[in-house]
C-alpha cells in the first residue's frame, strides 16, 4: 500500500476511533456514576464494566502492536467484567488510559505498517485488518453504552444524532448553512 494511501487509511481510522470515543462520552456524561454501574439484566454488563473491558482491550491490543501478540499475558480479561471502580474519576482515568494507548500507537504508525502481520491470540492478520476488527469491536460496545445511557436517562435524554422526526429540518438547516450533507452529520447536542 502506498505511503500516501496508508496515511489516509490511518488518519481515517483515527478519526473513526475518536468519533466512537466522543459518541460514548456524550452519552456517559448524561448519567450519574451510580447509573453507570447499573446492570441491565443478570447476564448483562453495566456501562462501567463495558468501559473497563474496552480500556483493557485497548491496552492489550495496542501496546507494542507490531511486536507482541495483542492478547498480552498480563491482561486479565475476566477481571474486566467485574466493576471495581471506587468512583467516577477512577473509571474515567481507566477509560482515558485505554484510549491514550490506542491513539498514541496509531499516531506512531506509518502507511507501510498496514501490510505488516500482527498477532491476536496467536492468529496472524494484517495490521489493516486488525484495525478494522477493533473499529467494529469498539463500535459494538459504544452502541451498547449509548443504548444503556439513553434508557437510564429516560425522557431527559439529549439526542446524540438527529432526533426522530427531525431529519428534514436538520437537512434543511445544513443546506442553509452551506455545509455539505452526509450520513455522518450529527448535531452537537
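Bear in mind these aren't lab numbers, they're just calculated from the coordinates by the rules spelled out. This structure is a prediction, so every number in the text was calculated from the model and none was measured. All Cβ positions, glycine included, derive from the backbone under ideal geometry; neighbour counts span all protein chains shown.
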Between segment 34-55 and segment 65-104, what is the separation of their alpha carbon centroids in Å?
15 Å
So for segment 82-189, using the alpha carbon gyration tensor with a ≥ b ≥ c as root eigenvalues (a/c under 1.5 gives rounded; past that, a/b versus b/c decides prolate or oblate), I'd call it oblate
What's the ranking of 106-118, 12-24 by average number of surrounding C-beta atoms within 10 Å, highest first?
12-24, 106-118
Assuming 0.36 nm per residue, please report the length gained on full extension of the stretch residue 67 to residue 162 beyond their Cα-Cα distance.
30.0 nm
Go through (1) 33, 19, 15; (2) 79, 21, 15; (3) 30, 26, 12 and flag the label whose value is the computed semi-axes √(5λ) of the Cα gyration tensor in Å for this structure.
(3)
